[in-house]
1. Could you please rank Thr226, Thr8, placing first whichever residue has the fewest other Cβ atoms within 10 Å of its Cβ?
2. Under the rule of at least 5 residues apart or a separate chain, name every residue whose amide H is placed under 5 Å from the amide H of Val78.
3. Could you pull out the trypsin sites (Lys or Arg not before Pro) across region 70-178 that fall in loop regions by DSSP (anything but H, G, I, E, B) with no more than 13 other Cβ atoms inside 10 Å?
4. Report ³J(HN,Hα) in whole Hz for each residue of region 225-236, in order, from the Karplus equation J = 6.51 cos²θ - 1.76 cosθ + 1.60 where θ = phi - 60°; Gly and Pro get x.
5. For region 28-44, what does the Karplus curve 6.51 cos²θ - 1.76 cosθ + 1.60, with θ = phi - 60°, yield as ³J(HN,Hα) per residue in whole Hz, taken in order and with x for Gly and Pro?
6. If you take every residue apart from Phe177 with its C-beta less than 15 Å away from the C-beta of Phe177, what net charge results, scoring Lys and Arg +1 and Asp and Glu -1?
7. With each pseudo-label sitting 7 Å past Cα toward Cβ, what's the Arg244-Ser159 distance in nm, one decimal?
8. Subtract the Cα-Cα distance of Glu195 and Ala213 from 0.36 nm times their separation in residues, and report this length gain in nm to one decimal.
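Taken together, the values in this text are just the output of simple stated rules run on the coordinates, not laboratory data. In this text the structure is predicted, and so the values were computed from the model without any measurement. Cβ atoms come from the backbone with ideal geometry, glycine included; neighbour counts cover every protein chain shown.
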Amino acid sequence: MNRLAILTLPLGSCHVEGLERDQLRTVTLVPGGISLLAPNNVIRLGRNRALEQQPVDVVCLELPIEYLRRYMEEHPAVHLSDLSELHTLQAFDPVVSSMALALRRSTEAGVDDSYLAGAAHYLAAHLLHPHYDQEPRRGALHPQRLQAVTGYMRRHLSSRITLDDMARQVLLSRYYFTRQFAAATGKTPFRYLNELRMESACRQLVTDNESIALVGRRCGFTNSQTFSRMFRKHMGCSPSQYRRSVRHT
């Protein structure tokens, strides 16, 4: 049976090497991140040399393709021409990451098949949700403009980014930019920006040995208090607790 492999790390970090969009890539996977591997794809895992003394815990789930196909049949608004489009070496998805660890523990405890079937159905729905109703919506930011502004966010994570700065990238007023960005992504510009910053912070907390304050500044937070408050809001723990939890057993 064909399966979609879901790889995640509850602890530590590792390199993932494989093909994505016909190009060989190497990415760093940290807690909160996942790799989605379509059938017939081979990857290679490697330790982070700078942290090779730190423990690493890898969880791999296999989601039968039939659950994804069944969900698509039941929800025609899901626009996905081929399930191989789900393949990605690196995505930030704390929901799937935490669920993978919970499923491993449940399996070890001997849960029945009905529990696993329910979890598989939920995972299929969660993974396909970003592809739900992807037809261009009236009033949404054009894909090229969306790419331009999100690229600007990624390049300037360490800087103070205002709504005017973002709107200027696509030559819109703040009012129309906010409405069109939300229509295209389902999120406000600042919520989207903060999620990018949290993703970057999680990766740096695992792979670098810099101070919490410096990681926060690199991610655009002017002081450690603001960084810690925002991190706790998104991740449910402080930056220092997160670093300790993923580096030590």
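1. Least crowded to most crowded, the residues run Thr226, Thr8.
2. Result for Val78 returns Asp133.
3. Details: sites: Arg70, Arg104, Arg105, Arg137, Arg138, Arg145, Arg154, Arg155, Arg160, Arg168, Arg174; in loops: Arg137, Arg138, Arg160.
Of the trypsin sites (Lys or Arg not before Pro), the ones in loops of region 70-178 whose Cβ has at most 13 other Cβ atoms within 10 Å are Arg137, Arg138, Arg160.
4. Per residue, the Karplus-derived 3J(HN,Hα) values read 5, 5, 4, 4, 5, 5, 5, 4, 4, 8, 10, x Hz.
5. Those phi angles translate into 9, 9, 10, x, x, x, 9, 10, 10, 10, 5, x, 6, 10, 10, 10, 10 Hz.
6. On the way: positive: Arg145, Arg168, Arg174, Arg179, Lys187, Arg191; negative: Asp164, Asp165.
Summing Lys and Arg as +1 and Asp and Glu as -1 gives +4.
7. 3.7
8. Working: separation 18, 0.36 × 18 = 6.48 nm, distance 1.82 nm.
Stretched fully, the Glu195-Ala213 segment lengthens by 4.7 nm.
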